[in-house]
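Worksheet: the structure to be examined is printed underneath.
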Amino acid sequence: MNKNISYSFEFFPPKTAEGITNLRQTRVALAKLNPEFFSVTFGAGGSTRDRTMDTVFEIQAEGYVAAPHISCISSSKEEIKALLSAYQAKGIKRLVTLRGDVPSGEVSVGDFKYANELVSFIRQETGDWFHLEVAAYPEFHPEASSASQDLINFKRKIEAGADSAITQYFYNTDAYFRFVDACLEQGIQVPIVPGVMPIYNFTQLARFSSVCGAEIPRWLRLRLEAYGDDMTSLRAFGVDVVTDLCQKLIDSGVKNMHFYTLNQAGTISKIVSNLA
Ligand SMILES: Cc1cc2nc3c(=O)[nH]c(=O)nc-3n(C[C@H](O)[C@H](O)[C@H](O)COP(=O)(O)OP(=O)(O)OC[C@H]3O[C@@H](n4cnc5c(N)ncnc54)[C@H](O)[C@@H]3O)c2cc1C
């Protein structure tokens, strides 16, 4: 394990008593890696609002830094204000600030269209109370009209007051390094923390990737597909691949990493223990 790297771990808010117990055990295991914070996702249109809050407050009560995700699509300013007040009242100081995925059908988009508007609103309402993270896309957001326009839109979030960014996951480190370089050229100086997705299950990974625009390189897809139902071998190979990815990032100077845990600790603990 490389003790100079700072880790953060993302969870989704569990739905069942079993899921809550499992997540507690996951936290005990990941806490051994001395993370900077644990973050908790927020379902589309506020669908997990209460569960996100409960999970965040439980993490905080255990003595860890907890960062709720907050997404603005389909929300009113009043709803966001109420959430911010609830978090401020409990002493939460860090938020992952997102737009969320646009709902299909005739659902209203609410008072905010893009994440930069949410960042501005939070700064206007709460000043510097919160450390604000935003999302970044080294392989570009699937709705972006072009790579350069996506970068301009990313810059709007930083100019609106974001302190740092976490990237969508990627398996191609060049995409990340080139994105960071392009940001520097645009005068964007905030930390851009790589988001790392461990490989647990090919079908699930392929589904996520087709939605979020993160590419699974052909060689990797074909190797993963070939494991079929042999999950033990697939996961061992996945640990190898993701360890290499993280090591390349570290060797190039990366000091922070954010893991998408899917509420599991074992694979991540192995990857982190492999890192030099
Ligand atoms: C680290 C991380 C955590 C996440 N957590 C969650 C979560 O908890 N809950 C959840 O629902 N989703 C989550 N997501 C997914 C995220 O909500 C989606 O990717 C969503 O589609 C975009 O969110 P955003 O905040 O990046 O949006 P934005 O930054 O608003 O960008 C969305 C799209 O609009 C474009 N755009 C942005 N601003 C403008 C503008 N002013 N004018 C025109 N176009 C613009 C961008 O180029 C981009 O294509 C997460 C993503 C990441 C990377």
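FYI, it's all coordinate maths here, none of it is from the lab. These numbers come from a predicted model, not from an experiment. We place every Cβ from the backbone using ideal geometry, glycine too, and count neighbours over all the protein chains shown.
One line per residue, one yes/no per condition, for (1) surrounded by fewer than 20 Cβ atoms within 10 Å (Cβ to Cβ); (2) more than 29 Å from residue 27 (Cα to Cα); (3) within 16 Å of the ligand (Cβ to nearest atom); (4) not hydrophobic (A, V, I, L, M, F, W, C):
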{"site": "44", "(1), (2), (3), (4)": "yes, no, yes, no"}
{"site": "76", "(1), (2), (3), (4)": "yes, yes, no, yes"}
{"site": "79", "(1), (2), (3), (4)": "yes, yes, yes, yes"}
{"site": "85", "(1), (2), (3), (4)": "yes, no, no, yes"}
{"site": "100", "(1), (2), (3), (4)": "no, no, yes, yes"}
{"site": "104", "(1), (2), (3), (4)": "yes, yes, yes, yes"}
{"site": "133", "(1), (2), (3), (4)": "no, no, yes, yes"}
{"site": "145", "(1), (2), (3), (4)": "yes, yes, yes, yes"}
I'd like to verify a number: residues in region 223-276 that are more than 14 Å from residue 169 (Cβ to Cβ), among the polar types (S, T, N, Q) and outside any helix (DSSP H, G or I), how many?
4
Residue check for residue 143: of a type in the set (Asp, Glu), more than 15 Å from the chain's Cα centre (by Cα) and assigned to a loop (DSSP other than H, G, I, E, B)
yes
Does region 178-206 hold any residues that are within 19 Å of the chain's Cα centre (by Cα), in a loop (DSSP other than H, G, I, E, B) and of a type in the set (A, V, I, L, M, F, W, C), and which are they?
190, 197, 199
Within region 169-205, the count of residues that are touching a Pro at 6+ places or on another chain (Cβ under 7 Å) and either more than 16 Å from residue 250 (Cα to Cα) or among the charged types (D, E, K, R) (or both) comes to 1
Could you please find all residues in region 27-45 being within 17 Å of the chain's Cα centre (by Cα), assigned to a helix (DSSP H, G or I) and either more than 22 Å from residue 2 (Cβ to Cβ) or not charged (D, E, K, R) (or both)?
30, 44
Would you point out which residue out of 184, 234, 275 is among the hydrophobic types (A, V, I, L, M, F, W, C) and surrounded by 19 or more Cβ atoms within 10 Å (Cβ to Cβ)?
234
Looking at region 87-94, can you tell me whether even one residue there is outside any loop (DSSP other than H, G, I, E, B), touching a residue at least 40 places away in the same chain (Cβ under 8 Å), in contact with a His (Cβ under 6 Å, 6 or more places away or on another chain) and farther than 20 Å from residue 143 by Cα?
yes
From the set of residues in region 147-157 that are more than 7 Å from the ligand (Cβ to nearest atom) and of a type outside the set (A, V, I, L, M, F, W, C), which is surrounded by the most Cβ atoms within 10 Å (Cβ to Cβ)?
155
Extreme residue, farthest from the ligand (Cβ to nearest atom), among residues of region 56-74 that are more than 25 Å from residue 107 (Cβ to Cβ) and either within 15 Å of the chain's Cα centre (by Cα) or in a helix (DSSP H, G or I) (or both)
61
Apart from one, (1) hydroxyl-bearing (Ser, Thr, Tyr); (2) outside any loop (DSSP other than H, G, I, E, B); (3) more than 9 Å from the ligand (Cβ to nearest atom); (4) crowded, with 18+ Cβ neighbours inside 10 Å all hold for residue 167; the odd one out is (3)
Selected residue (only one of 96, 28 is of a type in the set (Val, Ile, Thr) and within 16 Å of the ligand (Cβ to nearest atom)):
96
